[in-house]
Every structure is written in C-alpha cells, then in structure tokens.
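What follows is a short report on a single structure.
No value in this document is a laboratory result; all are computed from the given coordinates. Everything numeric in this text was worked out from a predicted model, so none of it was measured. Note that each Cβ is placed from the backbone with ideal geometry, even for glycine, and that neighbours are counted across all protein chains shown.
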Amino acid sequence: KTVCVTGASGYIASWLVKQLLLRGYTVKASVRDPNDPRKTRHLLGLEGAEGRLKLFKADLLEQGSFDSVVEGCVGVFHTASPFYHDVLDPQAELLDPAVKGTLNVLSSCAKTPSVKRVVLTSSIAAVAYNGKPQTPDVVVDENWFSDPDYCKGLKLWYVVSKTMAEDSAWKFSKEKGIDMVGINPAMVIGPLLQPILNTSAAAILNLIKGAETFPNATFGWVNVKDVATAHIQAFEIPSASGRYCLVERVVHYSEIVNILHQLYPSLQLPQTCAGDKPYVPTYQVSKEKAKSLGIEFIPLDVSLKETVESLKEKGFVHLSSL
Ligand code: NDP
C-alpha cells in the first residue's frame, strides 16, 4: 500500500515515516529541498527506506505541487505547516502556508481517486484557544474549537494559522466528499530523528541550557511516538472520524522544571517564573477519543527523559551533569 506524507523531514513527520515503513507501507514523502541532506539523510537511513521511500519536491505555496506526490496513494498524511513564533509577516510566513497550503494538498487529493482517507496534522492550538475559562476542573475535548478572532487579538499567529487551516480543511473536505480525520496534538516532545532543532523540542532545550526563568505558561504535552502512531491508527481504523486530541498531561512549566530536577538532580535549571503574575492554571484534556485509537500515552517523565537524552546525543547540549 502506498501513502504520502507532506513535510516529511519534520520532527513529527520523520517518526510517522519511520513507523509507516516499519508497518510495510511504501511512502511518497514530500520535502521542499530533496537535495539538502539535512532534510533527507535521516529519512533515507530508516529501516525499509531503500526501495519503499520515495522523495518528492513540493512546496505548500505552489499550486498543484502535490499532484504527483498524492498520485496513486490510498492515504495522505498532511503534516507540513510552519511552526515557529518569531515571525515578521504572519500572513506570508504562517497563515498562507498553513491555510492555502492545506487547501492546495486537499485539492490534489480531491482529484485523485486512489485517495481513500486524508489524515490532517492539526493541533491543540486549533482546539483550546477561545477565551473560555480554563481551570483544573475544566475538561477540554474535541468539541472545542479555537476562535481565530480571539487569537488574532492576542497576536498568537501560529495558533491562528492552525485554527484557520483546520477550519478550511473541514469545509473543503465536506464540500468535495473527502474522508478526513484530524489529529490535534499538544506540545510534542520525545526523541528527535531529524538533525534540525524543532520548536517544541527547543522549549525543553531552553530550560536545560541555562535559562534564567521558566515561562508562565501551561501546556499539554505528548510523546512524538504516540503522535505518529495516532496518525497511522486514524488512517487504518475504518470507524475513525472527526478529530482526536492528543495530550498525556497538562502542566505548568514549573512542573516540567520539577520533573527535570527529579530526573537530573545536578542539572542547573531556572528557579523562578517569568513575570510576577500568578501561575497560569492547568486544565484537563479528554483522552477518551485518543484511547479509541489504541493510544495508551507514554508518561510525561519518560517523554522528558527521552527528549533530554536525544538533545544530548544530537549535540544540542553539552552538559557534564547530564
Ligand atoms: P517541523 O518544523 O519539524 O516540521 C515542519 C514541516 O513543515 C517541515 O517539514 C517543513 O518542510 C514543512 N513546511 C513548512 N513550510 C512549508 C512550505 N511552505 N512548503 C512545504 N513544506 C513546508 O515541525 P513539527 O514536526 O513540530 O510540526 C509538524 C506539524 O505538526 C505541523 O503541522 C505543526 O503545526 C503540527 N504540530 C506540531 C506540534 C509540536 O509540538 N511539534 C504540536 C501540534 C501540532 P521543510 O523540511 O522543507 O522545511
């Protein structure tokens, strides 16, 4: 069976490609620059890559760019989307690739009869940001949808990009009769396969690399291996539908620092929280739908340990105390 993965060189996508190859799939993988070894070498070295991994050049903003990637595929995993926060031009850097790019990929799917299901990598960013109160007793679930206007007001441009992209994707897939399933992970951590540091792993690197303060923020966290598995299960399980939130635990950064301290007692970690406001409260995210995909969730402390070990192994951090 042949499937396609867009943005294949990225953090989540690399794990997805790895697991797809291990399950015997032939994978058509899109990257922007197939000649850049930093984007492709780790993929070409995966078990099963020889013979069953094919690289394609495609850009989200180039109309029709994905036609040849999607051709002949039964499943399409659309993961490509920019994820970073330091943007100068949110429209050009984040919103256009996210929204127009998603519609570009879905347009290729709509005209390709072999495609039976599309799995869209959305985010908890498209779920939980709507201004509703979030306190420890509140359970966020798949019925929540972020409010782009609320997020624009807060200049949360990445959140806006993911919310608008998912919303457009549902509208388009309904109109064209595409069977689409959405995956909505929180902050993804765990081992890196790729050599380039991604935004969510960087959040942990900052803490262990001598930051003076930790952010006053509360996020859900989930292991990259669970995220990749959920994508495949969402494709393989015929009854899978709608969206799936993926969160092992929602914790404040202070708790991340506590766990890191327990794992690495001699590590220098930030002692104080940025700003003088009270800690942003935690909330819950329902695991019920994710469990129906067979996801058991790797515990947060294990995910943190795997992240630190991987950052060390990849040379992003050199700490004698680790
Ligand atoms: P990475 O930064 O590692 O990967 C992003 C990928 O998007 C890269 O492969 C990049 O391609 C591709 N991309 C960006 N812009 C374009 C473009 N114009 N045309 C083609 N490809 C493009 O991030 P992650 O693996 O973390 O993110 C992957 C997906 O998961 C994204 O959709 C993100 O929103 C989502 N997500 C991530 C979470 C996290 O915590 N990491 C949480 C929830 C959702 P190239 O290699 O060519 O640069």
Exercise. If you look at just the Cα atoms of the stretch 118-213, how large are its Rg and its Dmax in Å?
Worked result: 15.9, 51
Problem set entry | Cα-based helix-to-principal-axis angle, 300-313 vs the chain, degrees rounded to 10 | 80 degrees
Exercise. Once both axes come from the Cα atoms, what is the angle between helix 101-110 and the longest principal axis of the chain, in degrees from 0 to 90, rounded to 10?
Worked result: 30 degrees
Exercise. For Asn130 and Val87, what does the FRET efficiency come to when R0 = 22 Å and r is the distance between their Cβ atoms, rounded to the nearest 0.05?
Worked result: 0.50
Problem set entry | Computed over the chain, Cα set: Rg, Dmax in Å | 19.1, 57
Problem set entry | Where N is the number of residues in the stretch 101-153, Cα Rg divided by 2.2 N^0.38 Å | 1.57
Exercise. What's the percent breakdown of Cα-Cα distances in the stretch 157-274 across 10 Å bins, shortest bin first?
Worked result: 11, 34, 31, 16, 7, 1
For this session: Pull out the extension gain between His318 and Gln268, defined as 0.36 nm times the separation in residues minus the alpha carbon to alpha carbon distance; nm, one decimal.
Result: 16.7 nm
Exercise. Taking the chain as a Gaussian network, Cα atoms linked when under 10 Å apart, which of Gly72, Gly294, Gly51 shows the biggest mean-square fluctuation?
Worked result: Gly51
Problem set entry | Projected label distance in nm at Gln63 and Glu309, using a 7 Å step from Cα toward the beta-carbon | 5.0 nm
Exercise. Helix 224-236 versus the longest principal axis of the chain: what is the Cα-based angle in degrees, 0 to 90, to the nearest 10?
Worked result: 30 degrees
For this session: Would you mind finding the longest exposed-site-free stretch of the chain, with exposed chymotrypsin sites (Phe, Trp or Tyr not before Pro) meaning DSSP loop and at most 15 other Cβ atoms within 10 Å?
Result: 85-278
Exercise. How many angstrom separate the Cα center of the stretch 53-85 from the Cα center of the stretch 129-189?
Worked result: 21 Å
For this session: Starting from the Cα-Cα distance between Asp179 and Glu50, subtract it from 0.36 nm times their residue separation and give me the gain in nm to one decimal.
Result: 43.4 nm
Problem set entry | At R0 = 41 Å, FRET efficiency that the Cβ-Cβ distance of Glu212 and Leu22 yields, to 0.05 | 0.45
